[in-house]
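The values are calculated or read from the model by the stated rules, or taken from the named source; none is laboratory data. All values reported here derive from a predicted model rather than from experimental measurement. Methodologically, a virtual Cβ is constructed for each residue, glycine included, from the backbone with ideal geometry; neighbour enumeration extends over all protein chains shown.
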Amino acid sequence: MLEIRALVVDDEPPARQGLTRMLAAHRDITVVGESRNGSEAVRAIRAARPNLVFLDVEMPGLDGFGVLRALAPGPVPLIVFVTAFDDYAVRAFEVHAIDYLIKPFSDRRFADTLARVRQQLQQAAATDAARRLSALLGAPLADNPAEPSVEPRADTLLATTGRRSVVIAISEIDWVEAQDYCVLVHIAKTSYLLRDSIRRLEPRLAAHGFVRVHRSALVNRARVRELRRPAQRDWCLVLDDGTELPVSRRLRPEIQRQLGRLGEGP
């Protein structure tokens, strides 16, 4: 059983105590400490080396995002933001937090978070083991040690469905959507599920003309019909097949630049 070493960070004692009690019910989780503020959290992370941190956002002095900045560029454990406010959700996922819990949360919601954490840590452990074995054998490591890499060219992706593997030409993809720890590749009316992360695929797809439109979607620029802002709605991209995708306010200037200033307005 993989050991999860958790640190709880919150400036409110009842919140820390409540999380610690919930974590104590899980045999594979050890709470290695509690921190009352961001500065304490930075010191505790460096000293105790937890692989999971439940991190409050709003704290006096150094806030949750400040903790991550202080740790950079060193290793950062898995982060679950825990806060009473939903204002920071997009920003939390932009810094690659594994989850975002809004107080008060249910036992079911907490269980879903721990399931994500376990899956991510198990995947990381498998990757690390494969790298160690690869180093011992002096052999190159495939991108995904759990599956054989048989992609024939750099301009293709490989989707495995049951006993069938489908080679996908990147140029034929309309857009790519994040689905938990996988991605959904959309081609016309067909979709393929890949066991990969959108963050890892982004540099590869960007070389083929893809642009990120929000935290969970990459779009093939060649499929974009227009960038527009419907009345009383946020900006969106419209693809050739009529698909509408929301556009991140933060990313819109770069999207406009890459699309040759499609759309106008503030």
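Can you find even one residue in the stretch 241-253 that is surrounded by 15 or more Cβ atoms within 10 Å (Cβ to Cβ), at pLDDT 85 or above, among the polar types (S, T, N, Q) and over 13 Å from Ile173 (Cβ atoms)?
Yes, that holds for at least one residue.
Working only within the stretch 182-210, note down all residues that are among the polar types (S, T, N, Q) and farther than 13 Å from Ile168 by Cα.
Ser197
May I ask you to list the residues in the stretch 66-78 that are closer than 24 Å to Arg118 by Cα and in contact with a helix residue (DSSP H, G or I) (Cβ under 7 Å, 6 or more places away or on another chain)?
Val67, Leu71, Val76, Pro77, Leu78
Of Val183, Val213, Val224, which residue is modelled with pLDDT of 90 or more and within 24 Å of the chain's Cα centre (by Cα)?
Among Val183, Val213, Val224, only Val213 is modelled with pLDDT of 90 or more and within 24 Å of the chain's Cα centre (by Cα).
Give the residues of the stretch 28-54 that are in contact with a Gly (Cβ under 9 Å, 6 or more places away or on another chain), touching a residue at least 40 places away in the same chain (Cβ under 8 Å) and either crowded, with 19+ Cβ neighbours inside 10 Å or of a type in the set (D, E, K, R) (or both), sorted by residue number.
Passing the criteria: only Pro50.
Out of the stretch 220-256, which residues are in contact (Cβ under 8 Å) with a residue 24 or more places away in the chain, in a loop (DSSP other than H, G, I, E, B) and either touching a Pro at 6+ places or on another chain (Cβ under 7 Å) or not charged (D, E, K, R) (or both)?
Within the stretch 220-256, Trp235, Thr243, Val247, Ser248, Leu251 qualify.
Could you list, in sequence order, all residues of the stretch 191-219 that are touching a Cys at 6+ places or on another chain (Cβ under 6 Å) and either touching a residue at least 60 places away in the same chain (Cβ under 8 Å) or not in a strand (DSSP E or B) (or both)?
Arg195
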